[in-house]
Amino acid sequence: MSVIIDIVFIVGAYLIGSIATAILVGRAMGLGDPRQSGSGNPGATNILRIGGKKAAALTLCGDLIKGVIPIVVARWLGAEGWILAAVALATFLGHLYPVYFGFRGGKGVATAMGILLALMPLLGLSVLGVWIVVFAVTRVSSIAALLAAISAVPLVFALSASNSLRALIIVLVILILWRHRSNIQRLIDGRETPFKKH
C-alpha cells in the first residue's frame, strides 16, 4: 500500500507542476500564449516583457506556490527522504513538460525556488539572495538564474543536507542549465538583453 501512496504523491506532484501559470495568466489577461510571443518561454520574465509587472508578479507567485504545495502536502502526509525528493523532481518536471499544455513548459527557476524554500528554507533563501544580488548588478535575468542555480550545489553541501536533497539539487541544476542552453549561447554571443533600469 505504501508504494501505491508514494506513486500517488509523485503523480499528483507532476500534475500540480503541470499547471502552467504563465499560460493561464496570459489567457486571463488577454496576452495570448506566451510561448508564441517574446522569447517564447512561458515564464515570469517573458510575461513581464509582453504583459507588464502585474502579469509577471502573478506568474512568479503561481510558479513559486506550485513548487511549495506538493512538498508541504507530501511531507504532512508522511513522505520523507528519497520519496520527498521524487515528489520535488516530479513537480519540477511537470513545470518543464506540462501534460496539459503539450509538454511545452518553462525553464523552471521560480518553481525550483519554491521547491527549495519548502524543502530547506535556509537553502532557498540563500539561493534567492544570490539571484537578487546578481540581477541587481547585471540586470540580466538569465545570468541571475544560472548563477543562482549553480550556487545551490556548494550551498546544499555546506548546509549538511541529506543525500537525497543533495542528489535532487544536482539534478535540478543540470535541468535548469539544459533549459537555459539558448540563453547561454546568447550570453556567449553577447546577444542577451538586460532589463532597463527605470
Please work out which one of (1) in contact (Cβ under 8 Å) with a residue 40 or more places away in the chain; (2) open to solvent by less than 40 Å² (accessible area, probe 1.4 Å) is the condition V72 fails and give its number. (2)
Residue that is surrounded by the most Cβ atoms within 10 Å (Cβ to Cβ) [pool: residues in the stretch 159-177 that are of a type outside the set (S, T, Y) and either out of contact with any helix residue (DSSP H, G or I) (no Cβ under 9 Å at 6 or more places or on another chain) or assigned to a loop (DSSP other than H, G, I, E, B) (or both)]: A161
Determine, yes or no, whether L116 is among the aliphatic types (A, V, I, L, M) and more than 20 Å from G12 (Cα to Cα). no
Quick check on this structure: which one of I10, I19 is over 21 Å from H180 (Cα atoms) and either surrounded by fewer than 24 Cβ atoms within 10 Å (Cβ to Cβ) or hydrophobic (A, V, I, L, M, F, W, C) (or both)? I10
Sole miss for D63 among (1) in contact (Cβ under 8 Å) with a residue 24 or more places away in the chain; (2) surrounded by fewer than 19 Cβ atoms within 10 Å (Cβ to Cβ); (3) among the acidic types (D, E) is condition (2)
Considering the stretch 30-50 alone, what residues qualify as being open to solvent by 30 Å² or more (accessible area, probe 1.4 Å) and assigned to a helix (DSSP H, G or I)? R35, Q36, T45, L48, R49, I50
Residues in the stretch 90-132 that are among the aromatic types (F, W, Y), surrounded by fewer than 19 Cβ atoms within 10 Å (Cβ to Cβ) and in a helix (DSSP H, G or I) total 2
Considering every residue within the stretch 133-143, establish whether at least one is more than 30 Å from V3 (Cβ to Cβ), of a type in the set (G, A, S), open to solvent by 10 Å² or more (accessible area, probe 1.4 Å) and in contact with a Pro (Cβ under 9 Å, 6 or more places away or on another chain). yes
So which of V72, V3 is at pLDDT 90 or above and assigned to a helix (DSSP H, G or I)? V72
Going through (1) assigned to a helix (DSSP H, G or I); (2) surrounded by fewer than 20 Cβ atoms within 10 Å (Cβ to Cβ) one by one, A152 fails only at (2)
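The values are calculated or read from the model by the stated rules, or taken from the named source; none is laboratory data. Every value quoted in this text rests on a predicted model; they were computed, and no experiment measured them. Reconstructed Cβ throughout: ideal geometry from the backbone, glycine too, with neighbour counts over all protein chains shown. For the accessible areas, the whole protein counts, side chains as well, though only heavy atoms, and no ligand, DNA or RNA atoms are used. Shrake-Rupley method; radii C 1.70, N 1.55, O 1.52, S 1.80 Å.
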